[in-house]
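Novice: Mind having a look at this structure? Questions to follow.
The values are calculated or read from the model by the stated rules, or taken from the named source; none is laboratory data. On a predicted model such as this, the values are computed, not experimentally measured, just so you know. All Cβ positions, even for glycine, are placed from backbone atoms using ideal geometry, and neighbour counts span all protein chains on display. Please note that ligands, DNA and RNA were not included when accessible areas were found on the heavy atoms of the full protein model with its side chains. Shrake-Rupley method; radii C 1.70, N 1.55, O 1.52, S 1.80 Å.
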Amino acid sequence: MHQAAQAERGVGIVKHQTSMIFAIFAVITLLVGVSHAQYSGTIFGWGTMAVPDPADLLDLTAVAAGGSHSLGLRADSSVVGWGSDGIGQCSFPGPSGGVVAVAAGSGHSLGLRADSSVVASGFNGSGQCDVPTPNAGFVAVAAGDNHSLAVKSNGSVVAWGSNGHGECNVPAPNTGFVTVAGGGYHSLGLKADSSVVAWGWNYWGQCDVPTPNAQFIAVAAGVHHSLGLRSDGSIVGWGANDLGQCDVPDPNEGFVAVAAWTHSLGLKADGSVVAWGWNSDGQCDVPEPNTGFVGIAAGSLHSLGLKADGSVVGWGRNSFGQCGIPLPNDYFVTMAGESHNLCLRVDGSMIGWGQNAYGVCDIPAPNGDFVAVGVGAYHSLGLKACGSVLAWGSNSSGQCDVPEPNTNFVAIVAGHSHNLGLKADSSVVAWGSNGFGQCNVPSPNGGFVALAAGSEFSLGLKADGSIVGWGRNTSGQCDVPEPNTGFVEVAAGSSHSIGLKADSSLVAWGSNEHGQLDVPVPNADFAAIAAGYDHSLGLKADGSVVAWGRNTSGQCDVPAPNAGFVAVAGGAYHSLALKGFPTPMAPAASITTDGSSVIISWYPVPGGDTYRVYSSLQAYLGFTQDHGGVFAGTTWQGPLAGDRRYYYVTAEGHGQESEPGNRVGFTRYEGDIP
């Protein structure tokens, strides 16, 4: 439904595409009046699917896992969060640094600051974020499902939030505690004498600490079970065991840390992780290599492991990106989002992440030669360089039955349960759900250059700059305002539409229930647009993103620094943006000879990391020169050919190769060829 829009209109088509695909996008380029530049870079996300800067995930010292979100404590004492951020659980209010410990509950987060205060964010329906006063003197924090715990420097425990089962009623004497753990509806406290105290709901015996209650050095509380790590490196489990979450695998020795939710994790002294219990989403399938771990955290249906190098590994359910997007987060050229996301790399491969109902994130093999992606509610689309379309996921309305002939497609978009495909002859093919006529392309079916698909309606941009709308029109989302001219891009949300004009202003129409039509001022300098369910996105020419409309999940809260973006896409309740770099400029070359060899020289260009020399037959002649910094120029020297030979140089950077530079030539008999 919500494809990426980029500052340059031809985006999403990788370098080695067919001439057919170039042809249709050449039409779009002429219409818009921009160059056919290509970008690649890094995906960022906010709202219900937060994706942070990859650089922020490389120097972590601790991790915490919540219901559908994850937290990492960085070496500079700042906190990074990823996954579900619909209620602000991935960040803390106030200063970004000064945090020394983190904890995550079902939908809230806690941070212990260096000044011994506690900061809280996220869901606060039970008061779990209302830190009691005085907010000072704390030395440890823990988060239960919907309650919070903290240890004071005097050894007492303070608890707040949900208390329906007494999970916040710390037993007397409330002294001598060194750490705490929060479960579903119960709490654990480790005393300085190495004994464990448990309180709260005890239906499954999760508060019945086994004897001898001694020699414990760490505790973890799951939803309905408890774990205790003894000083001899063994783990004791008690409480609910219907999923085997208390059955510690043999050999039960050598453990140095424990974590629990509906499953259990144990970290061994050798840096390996052992997992057991409920494994519905692979949360117990520790990825290889299972070595080098120094920390662990258990979320609702996902797990995190902290590596010695400060990186984090996530496994299990990834419906909100709580395990992170498939790495590396780089070399992407376009993306599309709904409740799941597809992201296309410059090499023609794609990744899928988010809610994986019907296997919508499972890319069909071979995963390559894709040039565009489309995302529906429960289905996915991929356009191949050969002009054919692949569709997978739910086929309840025939949305995966690509009409024959499945050839000559140059662009694709997906609505809730229908699809639109643009053919090389500028006609549109539509298939899937048609309950509101969203697949009945108006005649004349020709002259289209771009498409957008809403939930149950369709939009087509014509070469003359007009927009045609068809399908469900209950909110006027198909009624393009006059003057219906001068449009260069179109986007569709659930029941609203946006058009970008050639003068860089926006026009929006349809439902305005959440202010998604209220374009912020100044309504100028827009370079690209995108739409989510009920929110709108605009990419400015300066690389900043503007978002407006429904913001119940933070989908309009663009993360700082709001700069350097080159593409945007709207998901259901989240937003995506690409930060990247343009294709390097083509280098200018010159040619000389020493009588026995030919010498080609060129100067470095912005964005160029390596350079290639080609002959007139486009055969690669030599090496790539990695300059590694600023310098005056570089050269390639090769044998002097006996026949007429032409050469050109290209620049490579960030996974992309420039267009050829000027052609230079030399023959043994004729000298320089201009």
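Novice: Kindly provide the pair-distance distribution of the stretch 40-81 built from C-alpha pairs, with 5 Å bins from 0 and whole-percent values in order of increasing distance.
Specialist: 6, 22, 29, 23, 16, 3, 1
Novice: A further question follows. In nanometres, what is the gap between the two model label sites at Asn163 and Asn562, each 7 Å from Cα along Cα-to-Cβ?
Specialist: Each label point lies 7 Å from its Cα, and together they span 4.1 nm.
Novice: Something else now. I'd like the accessible area for Phe320, computed on protein heavy atoms only with a 1.4 Å probe and all protein chains in place. Round to 10 Å², please.
Specialist: Ignoring ligands and nucleic acids, Phe320 comes out at about 50 Å².
Novice: Per DSSP H run of at least 4 residues, take -39500 (n - 2.57); add these up for the chain, divide by its residues and hand me the 222 nm value, nearest 500 deg cm²/dmol.
Specialist: One gets -500 deg cm²/dmol as the mean residue ellipticity at 222 nm.
Novice: About the Cα centre of the chain, what is the dipole size in debye to 20, counting +1 per Lys and Arg Cβ and -1 per Asp and Glu Cβ, all else neutral?
Specialist: Roughly 380 debye for the chain.
Novice: Per 10 Å bin, what is the whole-percent P(r) computed from every C-alpha pair distance within the stretch 348-412?
Specialist: 23, 56, 21, 0
Novice: Computed over the Cα atoms of the stretch 235-278, what is the ratio Rg over Rh, Rh following Kirkwood?
Specialist: Working: Rg = 9.8 Å, Rh = 10.4 Å.
We get a ratio of 0.94 for the stretch 235-278.
Novice: Which whole number of Å³ per residue matches the convex hull of the alpha-carbon atoms in the chain? Don't skip to the end; give the middle numbers.
Specialist: On the way: hull volume 123.7 nm³, N = 674.
Taking only Cα atoms, the chain has a hull volume of 184 Å³ per residue.
Novice: Quick one: if you stick a label point 7 Å off each Cα along the C-beta vector at Asp250 and Ala75, how many nm between them?
Specialist: If labels sit at Asp250 and Ala75, their model points lie 4.2 nm apart.
Novice: Quick one: helix 19-32 against the long Cα principal axis of the chain, what's the angle to the nearest 10°, folded into 0 to 90?
Specialist: 90
Novice: Work out the charge dipole of the chain with +1 on the Cβ of Lys and Arg and -1 on the Cβ of Asp and Glu about the Cα centre, then indicate which of Ser96, Pro561, Val180 is farthest towards its positive end.
Specialist: Of Ser96, Pro561, Val180, it is Pro561.
Novice: Give, in whole angstrom and from largest to smallest, the semi-axes √(5λ) of the equivalent ellipsoid of the stretch 176-295, with λ running over the eigenvalues of the Cα gyration tensor. All intermediate terms of the calculation are to be shown ahead of the outcome.
Specialist: Details: eigenvalues 96, 60, 25 Å².
Value: 22, 17, 11 Å, ordered largest first.
Novice: Computed FRET efficiency, Cβ-Cβ of Ala192 and Asp53, R0 45 Å: what is it to the nearest 0.05?
Specialist: Details: r = 40 Å, r/R0 = 0.90.
Once the sixth-power term is evaluated, E becomes 0.65.
Novice: For the charge dipole of the chain, defined by +1 on Lys and Arg C-beta atoms and -1 on Asp and Glu C-beta atoms about the Cα centroid, which residue among Ala385, Phe216, Ala140 has the Cα displaced farthest towards the positive pole?
Specialist: Ala385
Novice: Something else now. Of all alpha-carbon pairs in the stretch 402-539, indicate the percentage at a distance above 18 angstrom.
Specialist: Numbers: 4754 of 9453 pairs.
Above the 18 Å cut-off, the stretch 402-539 has 50 percent of its Cα pairs.
Novice: Compare Tyr185, Tyr614, Tyr378 by solvent-accessible area with a 1.4 Å probe and give them largest first, with all protein chains kept in place. Write down the numbers at each step before the final one.
Specialist: On the way: Tyr185 75, Tyr614 35, Tyr378 110 Å².
Accessible-area ranking of Tyr185, Tyr614, Tyr378, largest first: Tyr378, Tyr185, Tyr614.
Novice: Want the number for Met585 to Asn551: 0.36 nm per residue separation, take away the alpha-carbon distance, what's left? Could you put the intermediate results ahead of the total?
Specialist: On the way: separation 34, 0.36 × 34 = 12.24 nm, distance 3.92 nm.
Separation in residues times 0.36 nm, less the Cα-Cα distance, equals 8.3 nm.
Novice: Can I ask one more? Expressed as a fraction of 2.2 N^0.38 Å, the rule-of-thumb size for a compact globular protein of N residues, what is the C-alpha radius of gyration of the stretch 404-483?
Specialist: Numbers: Rg = 11.8 Å, N = 80, 2.2 N^0.38 = 11.6 Å.
The value comes to 1.01.
Novice: Hey, any idea what the orientation-averaged projected area of the convex hull of the stretch 54-128's Cα atoms comes to, in nm²? Mind dumping the intermediate values first?
Specialist: Numbers: hull surface 18.3 nm².
Over all viewing directions, the stretch 54-128 projects a mean Cα-hull area of 4.6 nm².
Novice: Report the gain in length on full extension from Gln637 to Asn473: 0.36 nm times residue separation, minus Cα-Cα distance, nm rounded to one decimal. Write out the running numbers ahead of the final one.
Specialist: Values: separation 164, 0.36 × 164 = 59.04 nm, distance 6.51 nm.
Net length gain for the segment: 52.5 nm.
Novice: At Asp425 and Tyr203, where each label point lies 7 Å from the Cα along Cα→Cβ, what is the point-to-point distance in nanometres?
Specialist: If labels sit at Asp425 and Tyr203, their model points lie 6.5 nm apart.
Novice: Can you give me the % of accessible surface on the chain that is carbon or sulfur? Probe 1.4 Å, all protein chains present, nothing else counted. Numbers along the way, then the final one.
Specialist: Values: 13040 of 24670 Å².
Answer for the chain is 53 percent, counting heavy atoms of protein chains only.
Novice: Using only the alpha carbons, work out the radius of gyration and Dmax of the stretch 528-567 in angstrom.
Specialist: 9.8, 27
Novice: Quick one: length gained pulling Ser596 to Asn124 fully straight, 0.36 nm per residue minus the C-alpha distance? Could the numbers behind the result be given before it?
Specialist: Values: separation 472, 0.36 × 472 = 169.92 nm, distance 7.81 nm.
Length gained between Ser596 and Asn124: 162.1 nm.
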